[in-house]
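Data first, discussion second: the structure below is written as structure tokens.
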Amino acid sequence: MFKKILRRIKAILLECDNMLLGSVGYIPSHHVRRFFYRVQGMRIGKGSTIHIGAVFYDASKISIGEDSIVGENAVLDGRAPLKIGNHVDIASEVMIYNSQHNINSPDFAKVEEVILKPVEIKDYVFIGPRAIILPGVKIGYAAVVGAGAVVTRDVPDHAVVGGVPAKVIGERKLKNPTYKLGRAAWFR
């Protein structure tokens with residue numbers, strides 16, 4: 001009984017954190033938002049920006065490298081480790097999950113039955129608008145995920161993937177990128 005009460009308290013505290021971060025997500029200054037995200041335990045590299053309206057599930061396990069951009073209304077799941085590299089461009093409304101229900105469990109909705117798998121996104125990746133990245137996926141160096149793709153398995157370095165489920169549809173010709181993503185808009 002005591003364990004159940006502790007789990008419930010932990011869940012309520014996490015929901016409070018998520019609500020706070022959701023509110024912070026609409027402050028019209030990425031500098032102020034970044035400050036609050038770091039206070040909640042998110043690691044954000046120099047020059048990285050998270051645009052307005054982002055949603056987080058347990059920010060403490062999210063790590064974002066340098067010069068990366070997370071677009072408007074993105075969902076970043078930190079219930080298991082989520083590592084985003086340097087110079088990564090994540091477009092608007094992208095959803096990255098590392099937690100899912102165990103659909104074969106008789107206790108489907110129980111927290112203890114949830115499957116947690118880390119997600120890793122390497123340097124110089126571009127993820128197009130409204131793409132969905134599912135638990136356990138690794139996206140390789142300089143890969144591209146097309147708009148609306150649902151990524152269910154690992155993406156090789158330099159691959160261009162698209163579709164539902166995502167599959168390789170091309171190869172990125174830029175093999176050694178060195179670009180910088182640039183300055184973020186002040187009020188996005």
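The values are calculated or read from the model by the stated rules, or taken from the named source; none is laboratory data. Bear in mind the structure is a predicted one, so any value in this text is a computation, not a measurement. FYI the Cβ positions are ideal-geometry reconstructions off the backbone, even for glycines, and counts take in every protein chain you see.
Any residue at all in region 21-41 that is surrounded by 14 or more Cβ atoms within 10 Å (Cβ to Cβ), in contact (Cβ under 8 Å) with a residue 60 or more places away in the chain and on the phi > 0 side of the Ramachandran plot? Within region 21-41, none of the residues are surrounded by 14 or more Cβ atoms within 10 Å (Cβ to Cβ), in contact (Cβ under 8 Å) with a residue 60 or more places away in the chain and on the phi > 0 side of the Ramachandran plot. Can you spot a residue in region 1-16 that is farther than 23 Å from Leu181 by Cβ, exposed (fewer than 15 other Cβ atoms within 10 Å of the Cβ), touching a residue at least 24 places away in the same chain (Cβ under 8 Å) and not hydrophobic (A, V, I, L, M, F, W, C)? Yes, because at least one residue in region 1-16 is farther than 23 Å from Leu181 by Cβ, exposed (fewer than 15 other Cβ atoms within 10 Å of the Cβ), touching a residue at least 24 places away in the same chain (Cβ under 8 Å) and not hydrophobic (A, V, I, L, M, F, W, C).
Within region 51-71, residues that are in contact (Cβ under 8 Å) with a residue 24 or more places away in the chain and in a loop (DSSP other than H, G, I, E, B) sit with their Cβ atoms under 7 Å from residues that are surrounded by fewer than 21 Cβ atoms within 10 Å (Cβ to Cβ) and among the hydroxyl-bearing types (Ser, Thr, Tyr), at 6+ positions apart or across chains, in these pairs: Ile52/Tyr26; Gly53/Tyr26; Gly71/Ser92. Tell me, yes or no, whether region 178-188 has at least one residue that is in contact (Cβ under 8 Å) with a residue 60 or more places away in the chain, closer than 24 Å to Phe56 by Cα and basic (Lys, Arg). Yes: region 178-188 contains one or more residues that are in contact (Cβ under 8 Å) with a residue 60 or more places away in the chain, closer than 24 Å to Phe56 by Cα and basic (Lys, Arg).
Can we say Val168 is assigned to a strand (DSSP E or B), within 17 Å of Val94 (Cα to Cα), at pLDDT 95 or above and not aromatic (Phe, Trp, Tyr)? So Val168 fails the test. Restricting Ala74, Ala80 to residues that are buried (at least 23 other Cβ atoms within 10 Å of the Cβ) and hydrophobic (A, V, I, L, M, F, W, C) narrows the list to Ala74.
Report the residue count in region 54-68 for those that are under 13 Å from Ile44 (Cα atoms) and within 11 Å of the chain's Cα centre (by Cα).
Of the residues in region 54-68, 5 are under 13 Å from Ile44 (Cα atoms) and within 11 Å of the chain's Cα centre (by Cα).
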